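What follows is a single structure, written as C-alpha cells, with notes after it.
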Amino acid sequence: RTLLHDTVQSAYYNDIVFDSRLINGVNFVSFDNVNYNVSQEIFDKMMLEVEKGYPIVIICHVPLYIPETIQKRLDQRDGTYASVMGAPAYITDTYTGTATSGARFEQKATSVTLQFTEYLRAQSCIKAILCGHNHKEHTEQFSPSCKQYTMPASYDANMNVITFK
C-alpha cells in the first residue's frame, strides 16, 4: 500500500481496493484495477463472492478484455493500445512504447490478471460489468451471461441510468 492509498482509504469506511454489497438479492462487487491488473488477494476475494451464489454486478475502472471486440478498441486509438485489463501478450506486445514504458509496459497483464479475467468469463453468476476509463459509451458481450457497460466521462456531462430488474 502507498501513502496515497492510505490517505484516500482514511476517508472511506469500506475497503477501496475490494468491496461487496448485497442489495435486493444482487451482489455488487467493486475492485480496483486502475493499474490494468489485479492482485491474487482480489482474485481470492472474488472467488469467495462467487461462492455465495448471488447474481453479481462488477464495478471497476478499466474495462475487461473481450476477444471479439478488441479490434474495435484498438481502432479507436489507431492501433496503438486498447486500454483494457487482461489482454494477452500477443496483443499488448503490439502497443506503443518500449518494454519498460508506455502502453506496452503499463497495460501488460500479469498471469494472475489473465487467470482472473478468464475465471470471470466462466462464471454464469456474473451478470454485468460497469466500468469507465475509456471515456466512450460502449456495450459489449463479455460472456454468455454478462454484458460489459463502459460509461462515458461524467465531466463532459455524460450520465447513464441503469435499472436492474
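Return yes or no: is Val26 modelled with pLDDT of 95 or more, out of contact with any helix residue (DSSP H, G or I) (no Cβ under 6 Å at 6 or more places or on another chain) and at negative phi? Reasoning before the result, please.
Details: modelled with pLDDT of 95 or more: yes; out of contact with any helix residue (DSSP H, G or I) (no Cβ under 6 Å at 6 or more places or on another chain): yes; at negative phi: yes.
So Val26 fits the description; yes.
Tell me which residues, restricted to region 82-112, are touching a Gly at 6+ places or on another chain (Cβ under 8 Å) and either at pLDDT below 90 or over 23 Å from Tyr149 (Cβ atoms) (or both). Before the answer, list the steps.
Just the residues of region 82-112 that are touching a Gly at 6+ places or on another chain (Cβ under 8 Å), to begin with: 94-96, 103-106, 109.
Within region 82-112, Thr94, Tyr95, Thr96, Ala103, Arg104, Phe105, Glu106 qualify.
Scanning region 21-45 for residues that are among the β-branched types (Val, Ile, Thr) and either in a helix (DSSP H, G or I) or touching a His at 6+ places or on another chain (Cβ under 6 Å) (or both) returns Val34, Ile42. The one condition from (1) among the aliphatic types (A, V, I, L, M); (2) over 21 Å from Glu106 (Cβ atoms); (3) within 14 Å of the chain's Cα centre (by Cα); (4) outside any strand (DSSP E or B) that Leu48 does not meet is (3). Taken over region 129-146, the criterion of being surrounded by fewer than 16 Cβ atoms within 10 Å (Cβ to Cβ) and touching a residue at least 60 places away in the same chain (Cβ under 8 Å) is satisfied by Lys136, Gln141.
Please tell me if Phe164 is among the aromatic types (Phe, Trp, Tyr), in contact (Cβ under 8 Å) with a residue 24 or more places away in the chain and closer than 25 Å to Thr80 by Cα. Against the criterion (among the aromatic types (Phe, Trp, Tyr), in contact (Cβ under 8 Å) with a residue 24 or more places away in the chain and closer than 25 Å to Thr80 by Cα), Phe164 does not qualify. Of all residues in region 125-147, those that are at pLDDT 90 or above, more than 18 Å from Lys165 (Cβ to Cβ) and of a type in the set (S, T, N, Q) total 2.
Please determine, by comparing only the residues of region 72-81 that are open to solvent by 30 Å² or more (accessible area, probe 1.4 Å) and either farther than 12 Å from Thr150 by Cβ or modelled with pLDDT of 95 or more (or both), which one is nearest to the chain's Cα centre (by Cα). Among those residues, the one meeting the criterion is Tyr81. Contact annotation: residue pairs with Cβ atoms under 8 Å, 6 or more positions apart or on different chains, pairing a residue in region 52-63 that is in contact (Cβ under 8 Å) with a residue 40 or more places away in the chain with a partner that is of a type in the set (Phe, Trp, Tyr) and open to solvent by 50 Å² or more (accessible area, probe 1.4 Å), are Val57/Phe164. Checking the structure you have, find out if any residue of region 89-106 is in contact (Cβ under 8 Å) with a residue 24 or more places away in the chain, at negative phi, in a loop (DSSP other than H, G, I, E, B) and not aromatic (Phe, Trp, Tyr). Checked against the condition, which is being in contact (Cβ under 8 Å) with a residue 24 or more places away in the chain, at negative phi, in a loop (DSSP other than H, G, I, E, B) and not aromatic (Phe, Trp, Tyr), region 89-106 yields no hits at all.
The values are calculated or read from the model by the stated rules, or taken from the named source; none is laboratory data. All values derive from a computational prediction rather than experimental measurement. Note: ideal-geometry Cβ built from the backbone for every residue, glycine included; neighbour counts use all protein chains shown. Please note that ligands, DNA and RNA were not included when accessible areas were found on the heavy atoms of the full protein model with its side chains. Shrake-Rupley method; radii C 1.70, N 1.55, O 1.52, S 1.80 Å.
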